[in-house]
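Quick notes on the structure that follows.
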Amino acid sequence: KQEVTQIPAALSVPEGENLVLNCSFTDSAIYNLQWFRQDPGKGLTSLLLIQSSQREQTSGRLNASLDKSSGRSTLYIAASQPGDSATYLCAVRPFAAGNKLTFGGGTRVLVKP
Amino acid sequence: NAGVTQTPKFRILKIGQSMTLQCTQDMNHNYMYWYRQDPGMGLKLIYYSVGAGITDKGEVPNGYNVSRSTTEDFPLRLELAAPSQTSVYFCASSTGSLEAFFGQGTRLTVV
């Protein structure tokens, strides 16, 4: 059974510092991995999707890497801003039937001005 | 672009009552999913569907039912509401191995 873990559960950094968020998964047989942002009381916003054949994906200040063999993905957010404060969730899509996304527990980020 | 639309946004139910959470998508996606998110936790899969007429159980299906009569709609039914079903419910859709899109959620409280 695929398990996804995000450590730490919470993170606090001063504004301007780079953020490094970790995601690990137990089964490397995946189609892709997706990073989401969730603001309090809101839905999930897709940030980046990395296909299993890719090593990284970039969008603006965000960069996500994928190492399938070691079961790890890292989301980097450069030059953090208070507006980056949110919960970040990673999810993997395994080869198993239904292409179901399996989520980690999320990392709650606070960027202090 | 509507994307994935969920209704209602909020609901309070009494124990034993029933209700249907509505989900519709306008992207012609085959795959649709229902998740629940408890406070401070990740998302757990309740049910999913790979196409019209086909549904299957996820991690936590007890107390719920679904149907998928059209590509667009994937309603979630709670038959006898229990306090343990207090949660935020998210519907999502995708074309399979590509990006998943989520609705804004339904916040349900059972009292």
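The values are calculated or read from the model by the stated rules, or taken from the named source; none is laboratory data. Quantities reported herein were computed from a predicted structural model and do not represent experimental measurements. Here the Cβ is made from the backbone with ideal geometry for all residues, glycine too, and neighbour counts use every protein chain on show.
For region A:9-42, what are the residues that are surrounded by 20 or more Cβ atoms within 10 Å (Cβ to Cβ) and within 9 Å of chain B (Cβ to nearest Cβ)? Across region A:9-42, the qualifying residues are A:ASN32, A:GLN34, A:PHE36, A:GLN38.
Look at region A:55-113 and say how many of its residues are charged (D, E, K, R) and part of a loop (DSSP other than H, G, I, E, B). Give the derivation first.
So in region A:55-113, the residues charged (D, E, K, R) come out as A:55-56, A:61, A:67-68, A:72, A:84, A:93, A:100, A:108, A:112.
From what's left, part of a loop (DSSP other than H, G, I, E, B): A:55, A:61, A:68, A:100.
So the count comes out to 4.
Number of residues in region B:61-105 that are of a type in the set (Asp, Glu) and at pLDDT below 95 equals 2.
Can you name the residue in region B:73-85 that is within 13 Å of the chain's Cα centre (by Cα) and in a loop (DSSP other than H, G, I, E, B) and, of all such residues, is nearest to the other protein chains (Cβ to nearest Cβ)? Going through the qualifying residues, I end up with B:PHE74.
Does B:VAL50 satisfy the condition of being aliphatic (A, V, I, L, M), in contact (Cβ under 8 Å) with a residue 12 or more places away in the chain, assigned to a strand (DSSP E or B) and closer than 27 Å to A:GLY106 by Cα?
Working: aliphatic (A, V, I, L, M): yes; in contact (Cβ under 8 Å) with a residue 12 or more places away in the chain: yes; assigned to a strand (DSSP E or B): yes; closer than 27 Å to A:GLY106 by Cα: yes.
Here the answer is yes, as B:VAL50 does meet what is asked.
Cβ-Cβ contacts under 7 Å between residues 6 or more apart (or on different chains), taken from a first residue in region B:11-28 that is at positive phi to a second residue that is among the aliphatic types (A, V, I, L, M) and surrounded by 16 or more Cβ atoms within 10 Å (Cβ to Cβ), are listed as B:GLY16/B:ALA81.
In a loop (DSSP other than H, G, I, E, B) and out of contact with any Asp or Glu (no Cβ under 8 Å at 6 or more places or on another chain): is that true of B:GLN6 in this structure?
Numbers: in a loop (DSSP other than H, G, I, E, B): no; out of contact with any Asp or Glu (no Cβ under 8 Å at 6 or more places or on another chain): yes.
For B:GLN6, the condition - in a loop (DSSP other than H, G, I, E, B) and out of contact with any Asp or Glu (no Cβ under 8 Å at 6 or more places or on another chain) - is not met.
Figure legend. Inter-residue proximity from region A:91-113: first residues in contact (Cβ under 8 Å) with a residue 12 or more places away in the chain and more than 10 Å from chain B (Cβ to nearest Cβ), second residues part of a strand (DSSP E or B) and surrounded by fewer than 20 Cβ atoms within 10 Å (Cβ to Cβ), beta-carbon distance below 6 Å, spacing 6+ or different chains. Indicated pairs: A:THR107/A:LEU11; A:VAL109/A:LEU11; A:LEU110/A:SER12; A:VAL111/A:VAL13; A:LYS112/A:PRO14. For B:GLU59, indicate whether it is closer than 24 Å to A:VAL4 by Cβ, touching a residue at least 12 places away in the same chain (Cβ under 8 Å), within 13 Å of chain A (Cβ to nearest Cβ) and assigned to a loop (DSSP other than H, G, I, E, B). The answer is yes for B:GLU59. Just one of the listed residues (B:GLN37, B:GLN6) is closer than 15 Å to B:PHE101 by Cα, within 14 Å of another protein chain (Cβ to nearest Cβ), surrounded by 17 or more Cβ atoms within 10 Å (Cβ to Cβ) and in contact with a Phe, Trp or Tyr (Cβ under 9 Å, 6 or more places away or on another chain), namely B:GLN6. Kindly indicate whether B:TYR48 is more than 10 Å from chain A (Cβ to nearest Cβ), of a type in the set (Ser, Thr, Tyr) and surrounded by 17 or more Cβ atoms within 10 Å (Cβ to Cβ). Taking the combined requirement at face value, the residue does not satisfy it.
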